[in-house]
Amino acid sequence: MSEDHVRYDSQLIQKFADRLYAEAERVVLQSTVVATLVGATGGYVIAALTRVQTVGFVLVCAVVAAGMGYVRGREKAFTLKWQAQQALCLMHTERSTRFVAVSVSRRSAEAVLHSDRPAEQGTTS
């Protein structure tokens, strides 16, 4: 397998993390709106079937569902931000270890090149 096949791309990881954060910003509002609509619709259907006061029951169902959607959205947003932080942490770790590895290999090469000592050739009797 060729080493040219897949290469590390820190920009790809950064874009991934940015997308996760953007999604985390949207997911709370989306979850709240969808849950509110589902709750209002469900409340209307239940009120129509049971002949309960429609407006009040629909509002209660919508508010309860909105609260549940908000909480669910916040949890999903937290998970997305956590995933973004994991990706950024891996990227930072790679940068740090690459810097250390390059520094060590350069110092080792310099030490070999600047060595003044001739190679030892055994002891003479």
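The values are calculated or read from the model by the stated rules, or taken from the named source; none is laboratory data. Owing to the predicted nature of the structure, the values given are computational and were not obtained by experimental measurement. For accessibility, only protein heavy atoms count, side chains too; no ligands or nucleic acids. Shrake-Rupley method; radii C 1.70, N 1.55, O 1.52, S 1.80 Å.
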Query raised in the report: One-quarter of the Cα convex hull surface for segment 13-107, in nm²?
Result: 6.6
Query - Rel. contact order, % - alpha carbon contacts under 8 angstrom, at least six apart, segment 1-101 - result: 38
Report task. For segment 32-78, divide the Cα radius of gyration by the Kirkwood radius and give the resulting Rg/Rh value with two decimals. Result -> 1.10
Query raised in the report: So how exposed is ASP18, as accessible area in Å² (1.4 Å probe, rounded to 10)?
Result: 90
